1. In this structure, does Gly197 turn out to be under 29 Å from Arg89 (Cα atoms), touching a residue at least 40 places away in the same chain (Cβ under 8 Å) and small (Gly, Ala, Ser)?
2. Residue check: is Ala250 out of contact with any Ser or Thr (no Cβ under 8 Å at 6 or more places or on another chain), crowded, with 21+ Cβ neighbours inside 10 Å and small (Gly, Ala, Ser)?
3. For the condition small (Gly, Ala, Ser), in the same structural domain as Arg437 (by TED's automatic domain parsing) and either more than 25 Å from Lys428 (Cβ to Cβ) or in contact with a Pro (Cβ under 6 Å, 6 or more places away or on another chain) (or both), what is the one hit in Ala383, Ala377, Ala347?
4. For region 240-256, name all the residues that are touching a helix residue (DSSP H, G or I) at 6+ places or on another chain (Cβ under 8 Å) and not in a loop (DSSP other than H, G, I, E, B).
5. Ile323 - would you say it is of a type outside the set (D, E, K, R), closer than 19 Å to Arg262 by Cβ and not in a loop (DSSP other than H, G, I, E, B)?
6. Does region 34-66 hold any residues that are under 18 Å from the mean Cα position of the chain (by Cα) and free of Cβ contacts under 8 Å to residues at least 12 places away in the same chain, and which are they?
7. Sort out which residues of region 26-67 are touching an Asp or Glu at 6+ places or on another chain (Cβ under 7 Å), outside any strand (DSSP E or B) and either under 24 Å from Gly197 (Cα atoms) or among the hydroxyl-bearing types (Ser, Thr, Tyr) (or both), and write them in order of number.
8. So, in region 257-294, exactly how many residues are over 17 Å from the mean Cα position of the chain (by Cα), of a type in the set (Asp, Glu) and either closer than 23 Å to Ala399 by Cβ or outside any helix (DSSP H, G or I) (or both)?
Amino acid sequence: MHGSERRSRFEQQDEVVVMKFGGTSVEDAPAIRRLIAIVHSRGEELPVVVVSALAKVTDQLLEAGQAASNGHLGWALANVREIYVRHERLADELVETAGELLQHELRKEFQALEALLHTIAALRQFGLSAQDHLLGFGERLSSRLVTAALAASGTTAAHVDASQCIVTDARHGQAGPEWDLTNQRLQDALLPLLEQGQVPVLGGFIASTSEGVPTTLGRGGSDFTAAIVGAAVGAARVEIWTDVDGIMTADPKLCPEARVIRRMSFEEAAELAHFGAKVLHPATLAPAMRENIPVLVLNSRNPQAEGTEITARARTGNSISAITAKKRVATVELQPFQSVNSELLSAVYDAFDEHACPVDVMGTSPGRLSLVVGSTAALPDIADKLRGVADVRWENHKALVCLVGENLRRQPDAASRAFAALSDLEVKMACQGASERTISFLVDESKMEESVQRLHAVFFPARRESADWGGASAAFCQAG
């Protein structure tokens, strides 16, 4: 079913808008009240709300699971007790009437969480499957809390269990959707509610296999959930509500001179997400691109700001749209015992895929493979798996700095200007992206911040304040 057919289920003035609120946008009572006000501001539109776990809850759950598997069940239970008390206090503050039902729902989720920790402690195992099950409780708790808070504010809200709607494969840690079944279940669950004027509320990130085994879409996967939902119901747009004014020309924590990008293309935004920009989950844009649904990145703490609009055709007017940086990467050198061929490449990728170790950049030569990977924890296991295929060595504490822009290969001066800016920082490797939109540099982690600042000064030089604040290179944002 195409997006136009789905949209025809509603009157033209009643467009569906999917609104995803991240952890900092639901972190406390003032944040949730801002969420409620934003939902109320939508007028005749039909909102679908997707929420992340409260800020820091996912990390707390991960720590609890690790502690339980290491024999520290008491500490793990005390840790999740803090999570429960936090939600309970928010429930008391936000839901004055009909709060007993919410308290019952929260207690039920917490009892299931405690039982799972006891199982993890008994087995002394905390593999990816158990992690998926445990980490999903953050979104299960927050979505029930937000549903009740919306209802208490006068909104007719309905909780929808995303894990029963989003069906995935069994690749725990970062599962992939089974699209046909997922679309059908989302339409069956959401369209009747929307037709009745109700606001569905789902937890992001969580899913399950067709057999009902809990899975997740990976850390940051609530963005992906929002895009999946938007594509399924033919949304007019997907809004990603976070704590910054939009996608920026650089991470403002690294570069205080970073500016908001008003408009950019799906392809540019996807490259930024892949190479370390934290505003969007890397997989978010695929469903929106497929259905041509605009994605807006907005600030829940400053809802009047224009944010960033991501569409199929957008031009920033700059040769470089943004500079991104990813730290804690490693360079991996593989010296194969035979020639580099398709069989070797398949074995290498299978090993990295099996251990959920993403490959950011790869280069080949007749007797060597060079990779940049975004996770180092699994490298000893990967080296052991490839023991009979290649000699594997790696070096940690590197950072990948990347320029992103349309048609970079047609702008040879961009690479030369970047090299000139970083010439004395011992750049380890440079790679021009196959997509023609990226040029990447590998530097020591200690030089990452300086590298970003130098490149930003070259491609986004300071300018006098202009009367025109509508362009991509005009609006500034202070450091977070």
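1. Values: under 29 Å from Arg89 (Cα atoms): no; touching a residue at least 40 places away in the same chain (Cβ under 8 Å): yes; small (Gly, Ala, Ser): yes.
When the stated conditions are applied, Gly197 does not pass them.
2. The answer is no for Ala250.
3. Selected residue: Ala347, the only one of Ala383, Ala377, Ala347 that is small (Gly, Ala, Ser), in the same structural domain as Arg437 (by TED's automatic domain parsing) and either more than 25 Å from Lys428 (Cβ to Cβ) or in contact with a Pro (Cβ under 6 Å, 6 or more places away or on another chain) (or both).
4. Going through region 240-256, the residues touching a helix residue (DSSP H, G or I) at 6+ places or on another chain (Cβ under 8 Å) turn out to be 240-243, 247, 249-251, 254-255.
Those that are touching a helix residue (DSSP H, G or I) at 6+ places or on another chain (Cβ under 8 Å) and not in a loop (DSSP other than H, G, I, E, B): Ile240, Trp241, Thr242.
5. Numbers: of a type outside the set (D, E, K, R): yes; closer than 19 Å to Arg262 by Cβ: yes; not in a loop (DSSP other than H, G, I, E, B): yes.
Yes: the conditions hold for Ile323.
6. Asp59
7. Those that are touching an Asp or Glu at 6+ places or on another chain (Cβ under 7 Å), outside any strand (DSSP E or B) and either under 24 Å from Gly197 (Cα atoms) or among the hydroxyl-bearing types (Ser, Thr, Tyr) (or both): Glu44, Glu45, Ser52.
8. Matching residues across region 257-294 total 1.
The values are calculated or read from the model by the stated rules, or taken from the named source; none is laboratory data. Please read these numbers as outputs of a predicted model, since none were measured by experiment. Backbone-built Cβ (ideal geometry, glycine too); neighbour counts: all protein chains shown.
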